[in-house]
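Below you will find the structure I want to go over with you.
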Ligand code: C2E
Ligand code: MG
Ligand code: MG
């Protein structure tokens, strides 16, 4: 023992200065290992002789010099910090089984830890350790596991009073929550746990609990057992923090149900939102309007200005719709440029849905500022109503969609309310499609021809071939009706090829009769996407011996912006043949001058809606004509119905005029007669001129 005293350390700086020599002597003689551990620096700062033995240290200095932080697991480090806080806050003491590893050899101990302040005021840990002789390895291991596990384990009596917490539980539980019930955010969760254990002996649940890190989600498993100390029935609870999982789950749910661009709920969320509205409506007797909103010609914005600008427009539209929302309404982005507005109409608010549709039109009519441009976007809106037109959200959406198409067909930028006649018209469309297939097989789709006249002279210089379908029961069907149908059903290429062939054959006949006419044919995007298109044009030109220069293909502007390489290859090949390219319906979309210039188009046909707007939109028309002149192309004014319009177009530099003033699209026989009349007049004039001379 004297050896022990001799080995006893001189007091470390800042600790033992105040200890009386006698008590120091007592400490040195104790068989219990006593040492002071500086938690902040991970060092032993004082040890008695028994502790030096325990730590296998030759001298105190050698022990004090050891950096015990090295090789310490983060879990142990966290636990020590927790102890330090517990010592400061509530002068806590703990007795636990610990295993120390002096020089790498495991030494299982029962250790009592308590707080001890150093001279500089920091809280250190006073450790009193006794080796536990005869401990079974299993017991040692389970005690160690319990100590170091992240799993929170606690024992409670049947009333919920806390009897024991392992270090992980102690670190997590809020210090005041020594009663199980006080740990739960919702009382019913605690009730469910207690009654579950009472009924079946075991229960699992996920609940929000108060912890030292704030409110968290824990998954708790509770089992009925007995307290090994008192033998009383008790409850053992093991729990883990599942907040991250819960958050990830909530995020995934929210992502799946929201449109990332606009932040609005998406198509998937629609039935749920509708169900919520219906529940309320059934209580209050309200009605619900399902407003299907589709932006007019949005594709043109995307194609001409790019997706970034398109996205900016969509976000602004979403914002405006969202602001029009009443307290019980919902706005959904269905995808692309389609939105759904679910609007409640309380019994005292009759007419609210129509009023809302009007306000949507007014709000969206305001220009959208996108970078340095002001864009105009208009919507077409279709409305179906709950409960009058059904209670199934999908069905109501379909009906609103049909009504929206009616609004588009009626000229866009307006709303239509669904009525059953629309459905019959839709069924009609299906019937028409079946008939169209049949008509194609029988060759009943034929071109009518509309004259294109030289401005000023009025002489027919070209004709446009326009598809007509002479239906045995319905009479003449407009291409506005069957072309979109054929495009949707994938029949347009067949129709296009048939019209092209008939028109070229007719051009040849006229040429043989001495009428030198150019012929223009409309081409849709679907046709240009066919790899064989250019080859077909070449074959038909050769077959009917038509000079390629006498054929003009009418394309819409948006078609030039198509990114499909097949379209570009076809266009280059037909141009290489010498076929002319015209841009149809010019001035209605968002013109991309650079692209038009690059494509070297030969002719631009100004849309009839612009000509029809004269003299109101004279300035716009002048601008359009200036653009055409800049590109050095032939200018055709479409939709000339009056002499005034014809004079204006001629005076402003249009080269060709087309419209009802000169003739509607007509069957070949009528155009033949017209051409003959024209040549007779020309002949007579020539004779007259010769006579005069
Ligand atoms: P589009 O190519 O712009 O054809 C001109 C349309 O304007 C024709 O309507 C014509 O009848 C009409 N129109 C001509 N002059 C006047 C006028 O003075 N006043 C008014 N109010 N209208 C006038 P149509 O024949 O009903 O054709 C409509 C559209 O259908 C065409 O517009 C064209 O885009 C498409 N289409 C017609 N035939 C074909 C075809 O064979 N293939 C393809 N892909 N589309 C076609
Ligand atoms: Mg055309
Ligand atoms: Mg046109």
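The values are calculated or read from the model by the stated rules, or taken from the named source; none is laboratory data. Since the structure is predicted, the reported quantities are computational estimates derived from the model, not experimental observations. Virtual Cβ from ideal backbone geometry, glycine too; neighbours counted across all protein chains shown.
Residues are listed down the side, and each one gets a yes or a no for (1) part of a helix (DSSP H, G or I); (2) farther than 30 Å from residue 282 by Cβ:
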| residue | (1), (2) |
| --- | --- |
| 374 | no, yes |
| 385 | no, no |
| 391 | no, no |
| 397 | yes, no |
| 400 | yes, no |
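OK, next. Any residue at all in the range 671-688 that is modelled with pLDDT of 95 or more and within 16 Å of ligand 1 (Cβ to nearest atom)?
yes
Oh, and also: Restricting to the range 623-653, name every residue that is within 16 Å of ligand 2 (Cβ to nearest atom), within 13 Å of residue 611 (Cα to Cα) and assigned to a loop (DSSP other than H, G, I, E, B).
Listed by number, the residues that qualify are 638, 639, 640.
Out of the strands (runs of 3 or more DSSP E) lying entirely within the range 175-293, which hold 1 or more residues that are without any contact (Cβ under 8 Å) to a residue 60 or more places away in the chain and surrounded by fewer than 17 Cβ atoms within 10 Å (Cβ to Cβ)?
Details: elements: 202-211, 214-226, 233-241.
The strands (runs of 3 or more DSSP E) meeting that bar are 202-211, 214-226.
Moving to a separate point now. Residue check: is residue 663 touching a strand residue (DSSP E or B) at 6+ places or on another chain (Cβ under 9 Å), near ligand 1 (Cβ under 10 Å from one of its atoms) and at positive phi? First the steps, then the outcome.
Values: touching a strand residue (DSSP E or B) at 6+ places or on another chain (Cβ under 9 Å): yes; near ligand 1 (Cβ under 10 Å from one of its atoms): yes; at positive phi: yes.
Yes; evaluated as a whole, the condition is true for this residue.
List pairs: first in the range 630-657 and in the same structural domain as residue 616 (by TED's automatic domain parsing) and more than 15 Å from residue 457 (Cβ to Cβ), second in a helix (DSSP H, G or I) and within 15 Å of ligand 2 (Cβ to nearest atom), Cβ under 7 Å, 6+ apart or cross-chain?
Note: pairs meeting the criteria are 638/608; 638/611; 639/608; 639/611; 645/611.
Kindly indicate the residue of the range 629-643 that is modelled with pLDDT of 95 or more and more than 16 Å from residue 605 (Cβ to Cβ) and also nearest to ligand 3 (Cβ to nearest atom) among those meeting that condition.
For the range 629-643, the residue satisfying everything is 642.
Within the range 568-587, track down each residue that is without any contact (Cβ under 8 Å) to a residue 60 or more places away in the chain and either within 18 Å of residue 302 (Cα to Cα) or within 16 Å of ligand 3 (Cβ to nearest atom) (or both).
The initial filter retains those residues of the range 568-587 that are without any contact (Cβ under 8 Å) to a residue 60 or more places away in the chain, namely 568-579, 581, 583, 585-587.
Result: 581, 583, 585, 586, 587.
Would you check if residue 155 is in contact with a helix residue (DSSP H, G or I) (Cβ under 8 Å, 6 or more places away or on another chain) and either outside any loop (DSSP other than H, G, I, E, B) or modelled with pLDDT of 90 or more (or both)?
Values: in contact with a helix residue (DSSP H, G or I) (Cβ under 8 Å, 6 or more places away or on another chain): no; either outside any loop (DSSP other than H, G, I, E, B) or modelled with pLDDT of 90 or more (or both): yes.
No: the conditions fail for residue 155.
Right, another one. Look at residue 129 and say whether it is more than 20 Å from residue 75 (Cα to Cα), in contact (Cβ under 8 Å) with a residue 24 or more places away in the chain and surrounded by 19 or more Cβ atoms within 10 Å (Cβ to Cβ).
Values: more than 20 Å from residue 75 (Cα to Cα): yes; in contact (Cβ under 8 Å) with a residue 24 or more places away in the chain: yes; surrounded by 19 or more Cβ atoms within 10 Å (Cβ to Cβ): yes.
Here the answer is yes, as residue 129 does meet what is asked.
Scan 591, 609 and give me the residue that is surrounded by fewer than 20 Cβ atoms within 10 Å (Cβ to Cβ), within 15 Å of ligand 3 (Cβ to nearest atom) and part of a loop (DSSP other than H, G, I, E, B).
Working: 609 fails: part of a loop (DSSP other than H, G, I, E, B).
Of 591, 609, the one residue that is surrounded by fewer than 20 Cβ atoms within 10 Å (Cβ to Cβ), within 15 Å of ligand 3 (Cβ to nearest atom) and part of a loop (DSSP other than H, G, I, E, B) is 591.
Would you mind telling me which numbered condition in (1) free of Cβ contacts under 8 Å to residues at least 40 places away in the same chain; (2) touching a helix residue (DSSP H, G or I) at 6+ places or on another chain (Cβ under 8 Å) residue 518 fails?
(1) is the only condition that residue 518 fails.
Looking at residue 339, is it in contact with a helix residue (DSSP H, G or I) (Cβ under 9 Å, 6 or more places away or on another chain) and surrounded by 14 or more Cβ atoms within 10 Å (Cβ to Cβ)? Outline the logic, then answer.
Details: in contact with a helix residue (DSSP H, G or I) (Cβ under 9 Å, 6 or more places away or on another chain): yes; surrounded by 14 or more Cβ atoms within 10 Å (Cβ to Cβ): yes.
Judged against the criteria, residue 339 is a match.
Find all pairs meeting these conditions: Cβ atoms under 7 angstrom apart; at least six residues apart or on different chains; first residue within the range 601-621 and within 15 Å of residue 656 (Cα to Cα); second residue away from ligand 1 (no atom under 15 Å from the Cβ) and in a loop (DSSP other than H, G, I, E, B).
What qualifies is 602/633; 603/633; 604/633.
List the strands (runs of 3 or more DSSP E) that sit entirely inside the range 22-126 and contain at least 3 residues that are at pLDDT 85 or above and over 60 Å from the mean Cα position of the chain (by Cα).
Working: elements: 33-38, 43-47, 93-100, 107-117.
Of the strands (runs of 3 or more DSSP E) lying wholly inside the range 22-126, those with at least 3 residues that are at pLDDT 85 or above and over 60 Å from the mean Cα position of the chain (by Cα) span 33-38, 43-47.
Next up: In this structure, does residue 509 turn out to be within 16 Å of ligand 2 (Cβ to nearest atom), over 29 Å from residue 650 (Cβ atoms) and modelled with pLDDT of 90 or more? Lay out the reasoning, then the answer.
Details: within 16 Å of ligand 2 (Cβ to nearest atom): no; over 29 Å from residue 650 (Cβ atoms): yes; modelled with pLDDT of 90 or more: yes.
Taking the combined requirement at face value, the residue does not satisfy it.
Residue-wise test of (1) more than 16 Å from ligand 2 (Cβ to nearest atom); (2) buried (at least 22 other Cβ atoms within 10 Å of the Cβ); (3) under 46 Å from the mean Cα position of the chain (by Cα).
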{"site": "449", "(1), (2), (3)": "no, yes, no"}
{"site": "469", "(1), (2), (3)": "yes, yes, yes"}
{"site": "486", "(1), (2), (3)": "no, yes, yes"}
{"site": "515", "(1), (2), (3)": "yes, no, no"}
{"site": "518", "(1), (2), (3)": "no, no, no"}
